[in-house]
1. Of S488, P168, H202, which is farthest towards the positive pole of the chain's charge dipole, taken about the Cα centre with +1 and -1 on the beta-carbons of Lys, Arg and Asp, Glu respectively?
2. Evaluate the charge dipole of the chain about its Cα centre and quote only its size in Debye, nearest 20, assuming +1 on the Cβ of each Lys and Arg and -1 on the Cβ of each Asp and Glu.
3. Taking the Cα centroid of region 330-388 and of region 521-541, what is the distance between the two, rounded to the nearest whole Å?
4. Based on a Kirkwood Rh over C-alpha pairs, give the Stokes-Einstein translational diffusion coefficient of region 250-321 at 37 °C and viscosity 0.692 mPa s in µm²/s.
5. Can you tell me what percent of all Cα-Cα pairs in region 435-523 are more than 19 Å apart?
6. For D513 and E144, FRET efficiency with R0 = 56 Å and r from the beta-carbon atoms, rounded to 0.05?
7. Within region 167-272, report the GluC sites (Glu not before Pro) that DSSP leaves as loop and that have at most 14 other Cβ atoms within 10 Å.
8. List the equivalent ellipsoid semi-axes of region 240-290 in whole Å, largest first, each obtained as the square root of 5λ for an eigenvalue λ of the Cα gyration tensor.
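Just so it is clear, none of the values below were taken in a lab; they were calculated from the coordinates. As the structure is a computational prediction, the values presented were derived from the model and not from experiment. Neighbour counts run over all protein chains shown; Cβ positions are idealised from the backbone, glycine included.
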Amino acid sequence: MKLTSLLLLLMLICHVGFSQGYSIIDGRAIKMHQEGDELVSKRMYNEAIEKYKASIAREANFFESYIKWGRILLTKGSPEAALEVAEKGLGRAAKASSQIKADFGWLKAHCYLQMGEFSKSLAEFENVDGLHSVEFKKSFHYREIATQMAFIQEQLDKALVIKKEVLPEPLNQFSLQYFPVLTADSRKILFTKRDGTHSSQHEDIFVSYLGDDGESWTKPVGIADNINTPYNEGTCTISADGKILIYTSCDAPDSFGSCDLYIAYRVNNHWQRPSNMGKNVNSRSWDSQPSLSADGRILFFSSNRRGGFGGNDIWYTLRKPDGSWSEAKNLGAKVNSSKDEVSPFIYFNNEIIFFASNGHRGFGGMDLFMSRVENGEFMEPENLGYPINDHLDQFSLFITAQRDYAYYTESKLSGGVERSFLHRFQFPEEIDLGEKLMVTEGRVLNIKTGEPIEARLSLVSLVNDSTLYEFRSDGKTGEFMMLYPDKSFSGLYVEKEGYLPKIYNVERDNLQDRDNLNIEMTPIASGEEFVFENIFFDFDKDELQSQSMSSLKRLNDFLLQNHNVNITIIGHTDNVGNVSYNENLSLRRAESVKKYLLGKGIHYGRIYTLGKGDKQPIRPNDTAEGRSFNRRITIMVQ
C-alpha cells in the first residue's frame with residue numbers, strides 16, 4: 001500500500017492539534033482517550049484502538065475517538081475499515097461542530113485516496129474544504145494535500161485508456177515475484193522470485209519462455225545453478241541479445257556492501273561464472289536494481305550510498321573499451337530527489353529512462369516516471385499518469401522493444417501479508433517513445449576461412465559523430481544483434497585488431513531490419529583493399545564535408561594501431577564528365593583525405609594517393625543510385 005511518511009503523519013493529524021478541548025465532558029472517557037494517545041506515541045496501535053473503543057462505549061458521541069481510531073486503521077493499511085468507523089461516527093455528528101465534520105471529511109478523503117477512489121476523495125475534500133479553520137489551512141500538511149488533490153484532478157482529466165492484466169499461470173505462482181525484464185525479442189522473461197519475507201526465504205532469479213502460440217509461458221525455472229546460490233540473487237537486467245546478465249546479490253562473501261551488482265556472460269548457450277563488478281560500481285552501501293542499455297555500454301542502478309540527494313538515488317557507470325567499468329556517478333538532481341528513486345529502466349533507444357519515485361509529485365507513494373534526454377542531459381521527470389499510476393505502489397517498469405506491452409510489478413497488502421504480482425498493459429501511443437527501433441542480426445566472419453570473429457560494431461550518427469550504439473559479435477559463433485533507433489544518416493563501423501575495418505552506410509546499404517547480414521572481414525595483408533565509406537564531398541568539389549569525420553577518425557586510428565601498415569588512398573568517380581577531368585577530381589579528393597591524416601600526425605611516407613576517375617565502376621552508371629556507389633574512396637594496403 002502507498003503509505004508515505006507524509007501520509008502516516010496526516011493520518012494522525014486533525015484539528016484537535018490546532019485547538020483545545022473535546023466534544024464531550026465525561027472525564028473518564030477523556031482519560032481513556034488520552035491513554036490511547038499515549039499508546040499511539042509508543043506505536044502500540046492495537047492497544048490504542050481498544051482505548052478509543054472503550055471511550056466510545058462510555059460516551060457514544062466522543063467524535064475525537066472515532067477519528068483517532070479511524071486514522072490508526074488507515075495507517076495500518078485498512079482504509080475500508082477506517083471508512084466504516086468514520087461513517088459510524090459521522091452518523092452521530094449531525095449537530096457536531098464544523099470542526100468535527102471537517103475532521104471526519106479529512107479522514108474520509110484519505111480513506112478514499114488510499115482505496116484508489118480518487119473521484120470520491122476529491123469530492124469529499126471539496127465538500128469539507130470550507131469547514132477547515134484558517135489556522136489549519138496555513139499548515140504544511142493541508143497545503144501539501146491540497147496540491148496533491150489538484151494534481152490528481154489534473155491527471156484524471158487527461159486519464160489514459162489502458163487495460164491492466166495479471167500475467168497468466170504458470171507465472172505469478174509464488175508469493176512474491178517482481179522486477180520483470182525481457183530480451184529484445186520479447187520471448188524470454190526474467191524476474192525475481194521469493195516465497196515470503198522471512199529471512200530464510202531468499203531471492204532467486206527465475207526465467208520463463210514464450211510459447212510458439214505467442215501467448216502462453218513455460219513454467220518458470222531457476223536461471224542457473226552458478227547464479228542462484230544460498231544467498232539472495234535478484235533484480236536483474238539483460239542485454240538486448242540476451243548474452244550479458246547483471247544482477248543483485250546480497251551478503252555474498254566477496255561483496256563490498258549489503259548488496260552488490262554482479263555480471264555474467266552467456267557463451268555457447270551457458271551462463272559463465274559471475275563476478276563482482278568491482279569497487280568502481282559497488283560500494284559499502286546497498287547497490288541494486290540494475291538496468292543495462294541495449295548495447296551494454298551504460299548501466300543504471302539504484303543505491304543509497306553517500307553523495308546522493310537522500311534515500312535511494314539512481315546512479316550510472318560506463319563500460320570502458322577494455323571491458324571494465326568507470327567509477328559510478330549520480331544521475332543528478334533533476335531525476336533524484338530527497339526521497340527514493342528506484343527501479344530504473346533505460347529504454348532501448350538510450351533516450352528515455354523510466355523509474356519509480358515517491359519524491360516527485362504523484363498519487364501518494366511509489367509512482368512511475370520518465371525522463372527524456374535532451375542535449376546529453378536528463379530532463380525533469382514526467383509522471384506517467386492515471387491509470388498507469390494509482391493508489392498502489394508501482395515499480396519495475398519494462399517496455400518491450402516492439403512497444404506493444406509494458407510489464408511492471410504491483411504490490412498490495414492482504415490481511416497484513418505482502419503479495420506482489422507481475423502485470424502488463426498495452427503501452428499507450430500517447431506517450432512518445434521516440435523513433436521506431438530497428439533490428440539487424442547476422443554474423444561477423446573471416447572472409448578467408450569462414451571462422452567467426454569477435455568484433456566491435458559501432459553505430460554512429462554521421463551528423464555529429466556521436467556513437468549511438470556499440471555492440472560486439474560473439475567470439476564463438478560470430479553472431480550479433482543490433483537494436484537501434486531509426487535515425488537517418490548513420491554509419492556502421494565493424495572493427496577488429498588485425499583486420500581491415502568494414503564500413504557501411506546504414507541507409508544506402510539497406511541494413512535496417514536485416515536478420516541475415518554476413519559481415520566478412522579481411523585480414524590485413526599487402527594488396528587488400530576496402531571501400532572507405534561515408535566520405536562526402538560537394539558536387540564537383542574536393543573539400544571534405546563535416547559528415548566525413550567519423551570515417552576519417554577511424555582511418556587515423558587504424559593507422560595508429562598498425563604502425564607497419566602503409567596505404568594507398570584511391571579516388572573514384574562516376575562517368576559524368578570527361579575522363580581526364582574525372583581522374584583529376586578523384587586524385588584531388590584522395591589528396592584531401594591524405595591532408596587530413598597528415599594533419600593528425602601520420603607520417604607522409606606511409607600514405608600514397610591515386611586518382612582512377614571512372615575506370616573501375618562497381619555498379620552500372622546508368623542510374624543515379626549506381627553512380628552514387630561509384631563515387632567513392634577506397635583504401636589499399638601496400
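1. Highest projection toward the positive end goes to H202.
2. Rounded to the nearest 20 debye, it is 1140 debye.
3. 44
4. Diffusion coefficient, whole number: 252 µm²/s.
5. 32
6. Approximately 0.65, to the nearest 0.05.
7. E215
8. 22, 11, 8
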